[in-house]
Amino acid sequence: MLNENRVDYSYLETLSDEQLCAFSRQENRPAEEVLASRYHRLVRSCARPYFLAGGDNEDLLQEGMFGLIKAMREYDPGRDASFRTFAETCIRRRLFTALKHANSGKHAPLNQSVPLNPSLYGASSTLLQVDPELLVIDREKAVSLLEDARKQLSELEIKILGYYLDGLTCREISETVGRSVKSVDNAVQRIRRKIARQIGDISK
């Protein structure tokens, strides 16, 4: 039994996702914080393809975190799915819902966004049971878009894109590729512009 007045964070970090989820449902905020910290990178990796294609990064991250909170509150350990699988489902559903409700004015680029990782159109899309009309570009076009975008990227940009889509921060990427944070951030902005142009050409 955890002492609510003196929470041992090191102990909480040894617990499984499912155990932390059970504590968070009892309104144990420290357990919720540990679980949120553990899944923050997953939220980033789910949201970033849309950001690269034109969405607002902070808005998308917030929507993804709402999806994670929903997963914490509604996860049923009696089901076959692990918490991670359920959490990813909730995060992606929240993002798709945000895209669906984005208006055609201010959020027009967001409405044209698509996951740039073709694997997202495999098991994940089946799991989500997303309506076909939400997928603005189907799987074949997504694959084509990614390949065409890669042709316009340098070797360094391709490497940075991979790490970025995996949810790493610019600082983490800079440490991995041996470049400055500013250099990585500039590369991300170049990638965004190239992908945005690619989507624009397809949309014409």
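Extending 7 Å from Cα along the Cβ direction at Glu33 and again at Asp59 yields two label points whose distance is 3.0 nm. Applying 0.36 nm per residue to the separation of Glu18 and Lys182 and subtracting their alpha-carbon distance, the gain on full extension is 55.2 nm. Each of Phe83, Phe66 was scored by other Cβ atoms within 10 Å of its Cβ. Listed from fewest to most, they are Phe66, Phe83. Shown for Thr97, Thr14: other C-beta atoms within 10 Å of each C-beta, ranked fewest to most, produce the order Thr14, Thr97.
Pull out the extension gain between Ser10 and Ala81, defined as 0.36 nm times the separation in residues minus the alpha carbon to alpha carbon distance; nm, one decimal. The span from Ser10 to Ala81 would gain 22.9 nm if fully extended.
Residue-wise HN-Hα couplings along the range 86-95, as the Karplus relation 6.51 cos²θ - 1.76 cosθ + 1.60 with θ = phi - 60° gives them from phi, are 5, 4, 4, 4, 5, 5, 5, 4, 5, 5 Hz; Gly and Pro carry x. Were the residues from Lys100 through Gln152 laid out at 0.36 nm apart, the gain over their Cα-Cα distance would be 15.8 nm. Each of Tyr9, Tyr163, Tyr75 was scored by other Cβ atoms within 10 Å of its Cβ. Arranged with the fewest first, they read Tyr9, Tyr163, Tyr75.
FYI, it's all coordinate maths here, none of it is from the lab. The shown structure was predicted, so the numbers you read here are calculated from the model rather than taken from an experiment. Every residue, glycine among them, receives a Cβ derived from its backbone with ideal geometry; neighbour counts consider all protein chains shown.
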